[in-house]
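Below: the structure, in structure tokens.
The values are calculated or read from the model by the stated rules, or taken from the named source; none is laboratory data. The structure presented is a predicted model; accordingly, all values stated were derived computationally and were not measured. Here the Cβ positions follow ideal geometry from the backbone for every residue, glycine too, while neighbour counts run over all protein chains shown.
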Amino acid sequence: MLKQPIFSADPGIEPAAAGGPRPRGAVCRRRVFVNLLIAVLTVGTARAGSVTLAWDPSPSTTVTGYRIYYGTAPGTYTQFLAVGNTNRATVTGLSAGVRYYFAATALSSSGLESAFSTEVSQLVPSPTQPSLVVRITPQKEAVLFVTGPAGYTYEVQGSQTFSKWLSLGTVTLNAAGSAQFTDTNAAAYPARFYRLRLLSAPQTARLFLRLNAQKQAVVSLAGAPGFTYEIQGAGALGQWQALGTVTANSAGAAQFTDTAATSQPRRFYRARQVTS
């Protein structure tokens, strides 16, 4: 769980503006409290991400819901998300690599809306930016949980001073985009900091073709470990048909046998990634 410092506001209930974001500074009519913090950050696709926000519920009995306002510039909220009487919401459809600014308001049963809470911001990671979470075991070992793009390999580095980083090992993210690394020497240090350095990205799948003793086509694939590929065949380029799927093992290798190859005068093959 990635947490940012809690920020709070003492907004007053004021008439809600119809249809969208409102300017700041309206006269307060009724006082409620909204404390907003970034609680969880989740990464979506290369085109979009999401940020989950949590806040302390208002003590007012007239509050029936909340709005989360957000935009890409401080104090300028171009969109909002209306939620019920809850203290948690996820804003989706955000662009990767863009910093968003968030503020919350409370809604009353009489249709009034509070002023904005204090603002928080969050940079939505790009697909190539991994996330690193560290937990300490009862044995005082540091367990690092890495999430990010599947098939990428990272070097895990440790430091006590931020000025000198040592290589502790490497991790390769599986098809689900996760990996785990345990620093068994963590207990030997009064403090230890960690970071990741990108070593390599998965290569495009390569195919190698041979005929077995039965004249069947054996397609050998070299790709990203844990990735699933659809093997396609065609008698003429541009007329591709799915023949089956294979999943690359931990070494990035897989094999597919086309038992129908002997009935074709000629056959072309290609691989298409279907999961990552």
Residues of the range 236-248 that turn out to be surrounded by 12 or more Cβ atoms within 10 Å (Cβ to Cβ) and at negative phi, as a count: 6
Selection from the range 113-146 of residues that are more than 25 Å from the chain's Cα centre (by Cα), closer than 21 Å to Thr76 by Cα and not small (Gly, Ala, Ser): Glu113, Phe116, Thr118
Pairs where the first residue, in the range 185-197, is more than 12 Å from Ser167 (Cβ to Cβ) and of a type in the set (Lys, Arg) and the second is at pLDDT 90 or above and assigned to a helix (DSSP H, G or I), C-beta under 9 Å, 6+ apart: Arg192/Ala186
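Pull up the range 166-219, narrow it to residues that are of a type in the set (Ser, Thr, Tyr) and surrounded by fewer than 17 Cβ atoms within 10 Å (Cβ to Cβ), then point me to the one that is farthest from Thr257 (Cα to Cα).
First, pick out the residues of the range 166-219 that are of a type in the set (Ser, Thr, Tyr): 167, 170, 172, 178, 182, 184, 189, 194, 200, 204.
Remaining after also requiring surrounded by fewer than 17 Cβ atoms within 10 Å (Cβ to Cβ): 167, 170, 178, 182, 184, 189, 200, 204.
Numbers: Ser167: 42, Thr170: 34, Ser178: 31, Thr182: 39, Thr184: 44, Tyr189: 53, Ser200: 30, Thr204: 20 Å.
Restricting to residues being of a type in the set (Ser, Thr, Tyr) and surrounded by fewer than 17 Cβ atoms within 10 Å (Cβ to Cβ), the top hit is Tyr189.
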Residue count for the range 225-276, restricted to those that are in a strand (DSSP E or B) and of a type in the set (A, V, I, L, M): 9
